[in-house]
Amino acid sequence: MTPTIRISENTYRRLQNPLIAKPFDDTPATAIDKLLDFFEKHNSAPQTSSPPAAPPNNGSGNSGTLDPENPPDLTNTKILAAEFAGDRFYPRALFGMKGLTWNGLVKVANKYAFDHASSFEEFRRLTNSNVEKGESTDRGFHHFREIDISIQYVDAEHAWKNILYIAKKLKVAITIEFEWDNQQRGILAWTPTTK
């Protein structure tokens, strides 16, 4: 006999997220299987004969939750999952990009700021990214059709700084789980303080 699991309406809606489940292909059970597969894949010990070299660090020597104000060198990192303002993102295509990237998360943060601004000028005050109205594709800019702005792409360290800047301005939590190419993992997180 197959066990019955009861889940809340909210959890059921979250399982219907197109980043997790494909409409008409996935059932709640297959969506849960995908999440469990992802978790097991990214939370098991690396299959190596010797321990991988330690990742670049901020002096702490470990790769757990890192100091968001002084992150380590983020060169050659791959994002495993992220959460911004309560929305969770996994390594699937995001805003037309190939997978979950640092610049994809910059887009997420900028879209959130854009949606919460009453004007383009106010949006500019909420972001630390180089942005222009409309379509611009020179000087490293990439058009973001969903909100008709262009954002200049940056390296991972600048992307983190830009995301953190918006999170602080709008007082929303951010968590990014990532790994270096040597399979060591790290987490950058910031949560607004409550008064």
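Listing for the model above:
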quantity: Single match in T175, T137 (criterion: assigned by TED's automatic domain parsing to the domain that holds A81, β-branched (V, I, T), under 26 Å from L80 (Cβ atoms) and surrounded by fewer than 21 Cβ atoms within 10 Å (Cβ to Cβ)); calculated: T175
quantity: The stretch 123-182, residues that are of a type in the set (D, E, K, R), in contact with a Leu (Cβ under 8 Å, 6 or more places away or on another chain) and over 18 Å from W102 (Cβ atoms); calculated: K169
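The values are calculated or read from the model by the stated rules, or taken from the named source; none is laboratory data. What you see is a predicted model, and the numbers here were worked out from it, not measured in a lab. Neighbour counts run over all protein chains shown; Cβ positions are idealised from the backbone, glycine included.
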